[in-house]
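Peer 1: Here it is: the structure, laid out below.
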Amino acid sequence: MPTIKLKKFQQISKGKYFHGVGRRKSATARVRIISGTGEMIVNEKEAKDYFGSKFAIDLIINPLKLTGIDKKLDISVLVSGGGKQSQSEAIRLGLARALVCYQPNLKTTLKKSGLLTQDAREKERKKPGLKRARRAPQWQKR
């Protein structure tokens, strides 16, 4: 049954859509929104099936709830890299950016709530002679 929805969604998304890109740690999400019934497809699966937790989905649809456009848009997402938490945060940023393309007057609302700000923190690289990025080997007396 989900494959029929996907094919239908792909045919619809060939028309006019708005897109946004979100990044968090090593996760990258490409988000497309079109007017519809409120379906969300992540990597060709339903969002509930892909994430499995309600917390991640609530985090993602936060920009939609804040602007009051919950059930008016269909969302298609391609996400790669990182873990589920980083992916959901990347999708949230991409969705907020796509909403700004969709309706530019929403920018002030999303900006005040901090949804258009990218969290640029990434894992620090390992340094030679150390166990991790900053963890030195344990000192031994003998």
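Peer 1: Between Asp49 and Gln85, what FRET efficiency comes out of the Förster formula 1/(1 + (r/R0)^6) with R0 = 22 Å and r the beta carbon distance, rounded to 0.05?
Peer 2: On the way: r = 17 Å, r/R0 = 0.78.
Efficiency, from the Cβ-Cβ distance: 0.80.
Peer 1: If you take the beta carbon distance between Ser35 and Lys123 as r and set R0 to 41 Å, what does 1/(1 + (r/R0)^6) give as a FRET efficiency, to the nearest 0.05? Working shown, then result.
Peer 2: Values: r = 38 Å, r/R0 = 0.93.
After rounding to 0.05, the efficiency reads 0.60.
Peer 1: Shifting gears a bit: Give the residues of segment 112-129 whose amide nitrogen is closer than 19 Å to a point set 7 Å from the Cα of Leu59 in the direction of its Cβ.
Peer 2: Output list for this probe position: 113-124.
Peer 1: Using only the alpha-carbon atoms, how far is helix 2-13 inclined from the longest principal axis of the chain? Give it as 0 to 90 degrees, nearest 10.
Peer 2: The helix 2-13 is inclined about 80 degrees to the chain.
Peer 1: Within the chain, which is the longest segment that contains none of the GluC sites (Glu not before Pro) sitting in a DSSP loop with at most 12 other Cβ atoms within 10 Å?
Peer 2: Numbers: sites that count: Glu122, Glu124.
With GluC sites (Glu not before Pro) excluded where exposed in loops, the chain gives 1-121 as its longest stretch.
Peer 1: Can you give me the angle between helix 84-102 and the longest principal axis of the chain, using Cα atoms only, in degrees from 0 to 90, rounded to the nearest 10?
Peer 2: Relative to the chain, helix 84-102 is tipped by roughly 40 degrees.
Peer 1: Sorted from largest down, what three extents in whole angstroms do the Cα atoms of the chain have along their principal axes?
Peer 2: Ordered largest first, the chain gives principal extents of 70, 38, 25 Å.
Peer 1: Whole angstrom only: what separates the Cα centroid of segment 14-69 from the Cα centroid of segment 77-142?
Peer 2: 17 Å
Peer 1: Roughly speaking, what is the stretch gain from Lys112 to Asp70, that is 0.36 nm per residue apart minus the C-alpha to C-alpha distance, in nm to one decimal?
Peer 2: Numbers: separation 42, 0.36 × 42 = 15.12 nm, distance 1.91 nm.
Computed gain between Lys112 and Asp70 is 13.2 nm.
Peer 1: Please list the non-local residues whose amide H lies under 5 Å from the amide H of Glu44, H modeled 1.01 Å from N, same-chain partners needing a gap of 5 or more.
Peer 2: Placed amide hydrogens put Val77 under 5 Å from Glu44.
No lab work stands behind these numbers, since they all come straight from the coordinates. Because the structure is a prediction, the values reported are computed rather than measured. All Cβ positions, glycine included, derive from the backbone under ideal geometry; neighbour counts span all protein chains shown.
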